[in-house]
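Down below is the structure, laid out as structure tokens.
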Amino acid sequence: MFEAVEELIGEHADLERQLADPSIHADQARARRLNKRYAELTPIVGVYRSWRSTGEDIETARELSADDPEFVGEVKELEVRREELTDRLRLLLVPRDPSDDKDVILEVKAGEGGDESALFAGDLLRMYLRYAERRGWKTEIIEATGSDLGGYKDVQVAVKAKANAEPGQGVWARLKYEGGVHRVQRVPATESQGRIHTSAAGVLVLPEAEDVDVEISANDLRIDVYRSSGPGGQSVNTTDSAVRITHLPTGIVVSCQNEKSQLQNKEQALRILRARLLAAAQEEAEREASDARRSQVRTVDRSERVRTYNFPENRISDHRVGFKAYNLDQVLDGELDAVIQACVDADAAAKLAAAG
């Protein structure tokens with residue numbers, strides 16, 4: 001492990017020299033790549049230096065304890081501190097998800113439960129918008145299909161960091177654990193007998209692809225235009241501004257009708273298509289990888305019923321990691337950090353175990 005750290009320290013020093021050269025910043029794309037890598041390595045270098053310094057302090061304290069017993073306690077404290085730094089260093093050396101610093105496109109889709117499910121999808125959307133607001137992220141609703149009672153049948157929102165986030169604090173790094181089926185238990189607004197019902201909504205989170213991530217050939221696209229419509233088929237536009245794009249090689253279909261112009265809807269549809277193609281490519285790569293590699297890339301299972309929101313008990317439960325808390329009202333108001341951190345910690349523990 002420590003041989004790898006020495007190599008990274010050398011790379012960090014080299015990056016520092018390059019970034020000090022003013023000519024580097026003439027190429028903004030290269031400067032961003034170097035700064036990104038420098039930011040990734042800086043915590044490793046800092047923890048390693050503290051680890052080495054603590055080791056030297058332990059040796060000094062041991063020598064002094066031979067003549068002064070008061071230093072025996074200090075040795076024990078320093079040994080505990082060094083063990084903590086060792087664990088921290090191991091965690092920092094675990095391969096990072098290369099998409100962690102990406103922005104995301106998040107989709108909430110009503111599932112079983114009819115109107116109640118659509119209302120719950122609206123609650124989830126508000127939760128994510130409030131969470132993004134708390135973290136200083138920008139949000140943009142790309143496409144939304146409302147329901148008659150005010151919820152959402154389907155809504156897609158782009159979530160972007162305002163500036164370069166610290167490692168592990170990017171939008172994808174936090175929101176990637178939200179994908180899956182979210183279940184709600186409560187008395188629906190439409191229930192006259194006061195009985196508790198269970199319904200569900202699906203959440204899909206995709207890292208937003210840049211043009212360099214996914215190449216799309218115009219020959220691979222079939223683009224259809226049609227008139228936009230509102231809930232229940234009500235016409236909201238008298239021109240053919242809505243756009244449906246079919247990616248012929250994969251069969252992926254994306255439709256957008258929220259914008260007023262055909263060009264704007266086409267751009268938004270292509271944006272969603274790029275994200276879905278990137279996610280599909282990453283999933284294919286994971287399927288072809290070894291079991292060990294898969295355990296490093298995705299250790300928290302993003303399968304069905306990832307979370308339950310129980311209103312009568314004000315309880316939030318994440319079934320993947322055993323997290324449970326009784327502050328559902330606060331979570332739905334955007335206080336998601338504790339829930340997400342439980343997934344982050346479980347993911348990190350699994351990666352450490354896989355790394356040996």
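The values are calculated or read from the model by the stated rules, or taken from the named source; none is laboratory data. From a predicted model like this one, the values you see are computed outputs, not experimental measurements. Cβ atoms come from the backbone with ideal geometry, glycine included; neighbour counts cover every protein chain shown. Areas reflect the complete protein model, heavy atoms only, side chains present, ligands, DNA and RNA absent. Shrake-Rupley method; radii C 1.70, N 1.55, O 1.52, S 1.80 Å.
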Report whether or not LYS109 is at pLDDT 85 or above, open to solvent by less than 80 Å² (accessible area, probe 1.4 Å) and under 30 Å from GLU178 (Cβ atoms). no
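Specify which of the listed residues (LEU78, LEU41) is under 26 Å from ASP101 (Cα atoms), out of contact with any Pro (no Cβ under 8 Å at 6 or more places or on another chain) and among the hydrophobic types (A, V, I, L, M, F, W, C). Can you show your working first?
Working: LEU78 fails: under 26 Å from ASP101 (Cα atoms).
Sole residue among the options that is under 26 Å from ASP101 (Cα atoms), out of contact with any Pro (no Cβ under 8 Å at 6 or more places or on another chain) and among the hydrophobic types (A, V, I, L, M, F, W, C): LEU41.
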Please go through (1) open to solvent by 60 Å² or more (accessible area, probe 1.4 Å); (2) in a loop (DSSP other than H, G, I, E, B); (3) touching a strand residue (DSSP E or B) at 6+ places or on another chain (Cβ under 6 Å) for ASP67 and return the number of the only condition it doesn't satisfy. (3)
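Condition check ((1) touching a His at 6+ places or on another chain (Cβ under 9 Å); (2) among the β-branched types (Val, Ile, Thr); (3) outside any loop (DSSP other than H, G, I, E, B)) across all residues:
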| site | (1), (2), (3) |
| --- | --- |
| LEU92 | no, no, yes |
| ASP97 | no, no, no |
| LYS102 | no, no, no |
| ILE105 | no, yes, yes |
| ASP115 | no, no, yes |
| LEU119 | no, no, yes |
Of the residues that make up the stretch 112-128, is at least one open to solvent by less than 40 Å² (accessible area, probe 1.4 Å), within 30 Å of ARG186 (Cα to Cα), touching a residue at least 24 places away in the same chain (Cβ under 8 Å) and of a type in the set (D, E, K, R)? yes
Which of the helices (runs of 4 or more DSSP H) found entirely inside the stretch 256-356 contain at least 2 residues meeting this: modelled with pLDDT of 85 or more? 262-288, 328-332, 337-355
I'm trying to understand the selection: among the residues of the stretch 129-168, which are surrounded by fewer than 17 Cβ atoms within 10 Å (Cβ to Cβ), hydrophobic (A, V, I, L, M, F, W, C) and part of a loop (DSSP other than H, G, I, E, B)? LEU149, ALA163
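From the residues in the stretch 21-31 that are loosely packed, with under 12 Cβ neighbours inside 10 Å and among the charged types (D, E, K, R), which one is modelled with the lowest pLDDT? Show your work before the answer.
The first filter runs over the stretch 21-31 and keeps only residues loosely packed, with under 12 Cβ neighbours inside 10 Å, leaving 21-23, 26-29.
Then keep just the ones that are among the charged types (D, E, K, R); that gives 21, 27.
Details: ASP21: 92, ASP27: 89.
Once the filter is applied, the top-ranked residue is ASP27.
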